[in-house]
Every structure is written in C-alpha cells, then in structure tokens.
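In what follows, a structure is listed as structure tokens, so that the remarks can point back to it.
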Amino acid sequence: MADGSSCTGPVARTVLQQCLHAQLQVKPEDEQEQAQWVQIERGMVIYICFFKGATEDVLPKMVSTLLNVRLCESSSGKMVSVLDLPGSLLVVPQATLGGKAKGRSMQYHNNVAKEDGMQLYARFVALCQQEVTAAGVRVEHGTYGNRQVLHIQTNGPYTHLMEF
C-alpha cells in the first residue's frame, strides 16, 4: 500500500500511460451540437478512480507523486517526469478502475458516491493545473460521469498502476 491509504485499503487507483497524442470526447454529439473533444500531444494520460473513504487529504500526495514520477521517455531515451519533459497531461475519470468481478459481472460497490467522486475529481484536476503552471505543462481533462471516448497514440503501451 502506498502512503496516504488507510489500513483497510487504497482510497484511489490510477493508471498512467505515456502518449504521443491523445484525444478525449468531453461532450457527446446531440441534436444541436457536434461532439466536443480535448486533445494533448506528447505527455501522460492519468485514468483515475476514487474509492469509499477517499477525502481531499490524499490529493496533494497523489498530484505530487503522479506529476513527478519518471514515466515519460525523453527524446534522448531517458525516463523523465511529465514536468521535466515538459509534456501535456490528460486526466480521465475512470470509475471502472474500481470494479470487482462477481461471477461473470462487474460490481462497483467500493467506488465513492458519484457526488463525492465529482468533487474529488474536480479538486484533483485543479491541483494538477496549479502545480504545472510554472513548468509549461498543459492539462486537459474529461467530464466526470460521461462515457470517456478516447483515441490514444503511444510508442509502446508503457502503462503503470498506482494506488494511494
């Protein structure tokens, strides 16, 4: 267990993936408007899910750890943080990271309540934006509660799971 989690288990799960380009639908198409998308170039995608018991107390450690971990490949081949690249960041709310198989179905009983998750997610994104301002890193993010349609290009699925 990583620091910031209780003895009953983690309060958040993230999956990190470096990317060369990523595009995320933030608003689906409807009768009046076309779908809306955000995109980043080289950088990192963070998929995030909060569990029951998660509070804002864990967010500063999460942001610091995720932004400073060396998972992005620089042009020299050296692994650096998204801040040192500098790259862009795409945050994707992903409730399915909290799923547990029961028979042939998935259940999400350990996920935080939707309203609490929405607040934690918004605060997480705001803290990321606040932390990266000086480094010239751009932050884009998905819409909590929406289906996340994602197109991603990588130079290898260099993917990591981190729990807090």
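Things to note:
- For the chain, the number of Lys pairs with C-alpha atoms closer than 24 Å, counting only pairs eight or more positions apart or on separate chains, is 8.
- DSSP finds beta bridges in the chain, and of those with both partners inside it, around 75 percent are antiparallel.
- Gained length - residue 155 relative to residue 56, 0.36 nm times residue gap less alpha-carbon distance: 32.3 nm
- Probe 1.4 Å - accessible area at residue 29, Å² to nearest ten: 130
- Taken about its Cα centre, the chain carries a charge dipole of about 540 debye when Lys and Arg each add +1 at the Cβ and Asp and Glu each add -1 at the Cβ.
- Residues listed by number, segment 109-137, amide nitrogen under 18 Å from residue 96 label point at 7 Å toward C-beta: 109-112
- Each of 59, 8, 99 was scored by the projection of its Cα onto the charge dipole of segment 1-138, and the greatest displacement toward the positive side belongs to 8; charges sit on the C-beta of Lys, Arg, Asp and Glu.
- Charged side chains reduced to their Cβ positions (Lys and Arg at +1, Asp and Glu at -1) give segment 1-91 a dipole of some 460 debye around its Cα centre.
- Residue 52 accessible area, 1.4 Å probe, all protein chains in place, Å² to nearest 10: 120
- Extended-chain gain in nm, criterion 0.36 nm per residue less alpha-carbon gap, residue 39 and residue 65: 7.1 nm
- Among 69, 149, 26 the positive-end extreme of the charge dipole of the chain (Cβ point charges): 69
- Note on semi-axes √(5λ) of the Cα gyration tensor in Å: of the candidates (i) 20, 18, 16; (ii) 24, 21, 16; (iii) 29, 25, 11, the value calculated from this structure sits at (ii).
- For the chain, with all protein chains in place and a probe radius of 1.4 Å, 48% of the accessible heavy-atom surface sits on carbon or sulfur.
The values are calculated or read from the model by the stated rules, or taken from the named source; none is laboratory data. Note that the structure is a prediction, hence the values are computed from the model and not measured. Glycine gets a Cβ as well: all are built from the backbone with ideal geometry, and neighbour counts include every protein chain shown. Just so you know, the surface numbers come from the protein's heavy atoms only, side chains and all, with ligands and any DNA or RNA stripped out. Shrake-Rupley method; radii C 1.70, N 1.55, O 1.52, S 1.80 Å.
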